[in-house]
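The numbers here are math on the coordinates, done by the rules we state, and not lab data. Remember, predicted model here, so these are calculated numbers, not experimental data. When we count neighbours, we look across all protein chains shown, and the Cβ atoms used for this are built from the backbone with ideal geometry, even at glycine.
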Amino acid sequence: MPTPRHVDLAISATWVVPVEPAGALTGHVVLVDGGKIVGVVPDAEAARDYLARERVSLERHALLPGLVNAHTHTAMTLLRGIADDVSLSTWLEQHIWPREAEYVTPEYVQDGVTLGAAEMLRGGITCCNDMYFYPDAAARAYQAAGMRAVLGLPVLDFPTPYASDPDAYLQAGLAARDAFKHAPRLSFMLAPHAPYTVGDATFEKIVTYAHQLDLPIQTHLQETQRELDESIAASGASPLVRLDRLGVTGPAFVAIHSVHLAPGDVELLARQRCHVVHCPTSNLKLASGIAPVGELVAQGVNVAIGTDGPASNNRQDMFAEMRLAALLAKARSGDAAALPAQQVIGMATLAGAHALGLQERIGSLVAGKEADLIAVNLGELDDAPLYDPISHLVHVAGRERVTDVWVGGVRILRDRKLTTLDEAALLARAQLWQQKLA
Ligand SMILES: [Zn+2]
């Protein structure tokens, strides 16, 4: 008889939802060693072939890959709910930018990201794509929280306290990247804010850096009708066509929002193998519109899901985004079969990983990938009866049902308590900022 293989951790759950392949497995165990997934195997095989140093048994749970929040501005957690019920331009120009000009410092970013990371981890988000000032301060906060993150290095054509001109933004961002490029859970992207805040010359520089340093590019794109109309009036082309001419598009380009697309834009995104991040709540709350997700997916564009920042959402809740994405796709297309639950879970996990260039490392429960796992309790009265756990994960369960979270095999949330952060201290810091910012 062969000797059993020793592994760090064996997690059994009522349902295992590996994403690859689709569906929910019963009677299976996820094996973890050295922070990575060793395999997803039937109970009998696990008992026969493996000896785990730690065993976790989840008697009423679904175990699935950690959710990937493919677009946010985490430090803006400190501005949650500060200005509701206004348009994107009013919101930015009268509420957000003035406060950011006055208050945003590395300390602000570190506190805001820590609070936001706590919220995300408690809601089953193990990786986020964060675009904000002082990415070095954000990096420290994610490291302390134990969360995986992609840091978008922000670039604007106008000055802020963070940087004076496009070159200064790039230098500050690339210095942060140099300081943290060996951090195992962090990666980096160039993040010009939007085609209406960044000019052609800056985009050209960004493309040069992207090629030299092998960094992907992300930007807010065609979030509002006004943005599209103004671009066509000024240059006769959509912002996407303009970026394409500048060499920005390609398989390492992430177009955030993409709500208002001109004729030909969907084909262009597909042809260039760009990624789109759908942020349904933010697009509704700012009255921007509803992205044509069904058309994008039908053309083969990889569509991930994001919450957008907590000042325009106002929760970093991927369960809410999954459900809304499913419902909006059905309503927009007039087809109840649009975006079935399995596909939405794929968008919130593997498609997010793919958009962030992390598809080889996270996004599904496949041997060799990092052990980013979440357990969702589906055994409460509100869940009964339960015919299909995949459906329940999108249409019934909320983020409050996430009981346990592992990132790279480390248990970050244990029975709804964070193991890396002091929740009382976080609340106290949030109170201090609230008094300052109010
Ligand atoms: Zn955004």
task: Set the Förster distance to 30 Å, then compute FRET efficiency between LYS330 and TRP97 from the Cβ-Cβ distance, nearest 0.05.
output: 0.25
message: From zero outward in steps of 20 Å, how is the percent of C-alpha pairs of the chain spread across the bins?
response: 27, 58, 15, 0
- prompt: According to the square roots a ≥ b ≥ c of the eigenvalues of the Cα gyration tensor, what is the shape class of the range 237-371, taking rounded for a/c under 1.5, prolate for a/b larger than b/c otherwise, and oblate for the remainder?
  reply: rounded
- prompt: Mind checking the alpha-carbon convex hull of the range 1-81 and giving the volume per residue in Å³?
  reply: 148
- prompt: So who's got an amide H within less than 5 Å of the one on GLY309, skipping anything under 5 residues away but keeping other chains? H placed 1.01 Å off N, in plane.
  reply: HIS73
Shape call, the range 234-286: gyration tensor on alpha carbons, a/c limit 1.5: oblate
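Per Stokes-Einstein, at 10 °C and 1.306 mPa s, what whole-number D in µm² s⁻¹ belongs to the range 217-309, with the Kirkwood radius over Cα pairs as the hydrodynamic radius?
Answer from the Stokes-Einstein relation: 123 µm²/s.
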field: Kirkwood Rh and Cα Rg combined as Rg/Rh, the range 71-160
entry: 0.97
- prompt: If the range 97-147 were replaced by its equivalent ellipsoid, with semi-axes equal to the square roots of 5 times the Cα gyration tensor eigenvalues, what would those be, largest first, whole Å?
  reply: 20, 11, 9
statement: Ranked by GNM mean-square fluctuation in the chain (Cα springs under 10 Å), the top entry among HIS392, HIS211, HIS73 is HIS211
statement: In whole angstrom, the spacing between the Cα centers of the range 4-19 and the range 94-148 equals 32
field: Residue-span extension gain [ARG271 to ARG5] - 0.36 nm each, minus C-alpha spacing
entry: 91.2 nm
message: If I take every Cα pair under 8 Å that is 6 or more residues apart in the chain, average their sequence separation and divide by the length, what percent do I get for the relative contact order?
response: 21
- prompt: Using a Gaussian network for the chain with springs between C-alpha atoms less than 10 Å apart, which of these wobbles most: ALA270, ALA428, ALA75?
  reply: ALA428
- request: May I ask you to list the residues of the range 264-308 whose amide nitrogen lies under 18 Å from a point 7 Å from Cα along the Cα→beta-carbon direction of ALA194?
  value: 276-292, 306-308
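For the range 179-270, rounded, prolate or oblate, judged on the Cα gyration tensor with a ≥ b ≥ c (square roots of eigenvalues), a/c < 1.5 rounded, else prolate if a/b > b/c?
prolate
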query: So what is the orientation-averaged projected area of the range 344-383, using the convex hull of its C-alpha atoms, in nm²?
result: 3.5
- request: Work out how much length LEU432 to ASP214 would gain on full extension: take 0.36 nm times their residue separation and subtract the Cα-Cα distance, in nm to one decimal.
  value: 74.5 nm
- prompt: What number, in nm² with one decimal, is the all-direction average of the projected area of the convex hull of the alpha-carbon atoms of the range 290-438?
  reply: 11.5
task: Compute the distribution of all C-alpha to C-alpha distances in the range 201-243, in bins of 5 Å from 0, and list the percent of pairs in each, rounded to whole numbers.
output: 5, 21, 23, 20, 16, 11, 4
- line: A correct fewest-to-most ranking of HIS275, HIS354 by other Cβ atoms within 10 Å would be HIS354, HIS275
- request: Only helical DSSP H runs with n ≥ 4 go in: add -39500 (n - 2.57) per run for the chain, normalise by residue count and round the 222 nm mean residue ellipticity to 500 deg cm²/dmol.
  value: -10500 deg cm²/dmol
Kirkwood hydrodynamic radius over Cα pairs of the range 110-263, then Stokes diffusion coefficient at 20 °C and 1.002 mPa s, in µm²/s: 133
field: Whole-Hz couplings from phi, Karplus 6.51/-1.76/1.60, listed for the range 243-257; x for Gly and Pro
entry: 5, 4, 5, 7, x, 7, 6, x, x, 10, 10, 10, 9, 7, 5
statement: Exposed GluC sites (Glu not before Pro) being those in a DSSP loop with at most 15 other Cβ atoms within 10 Å, the longest stretch of the chain free of them is 1-359
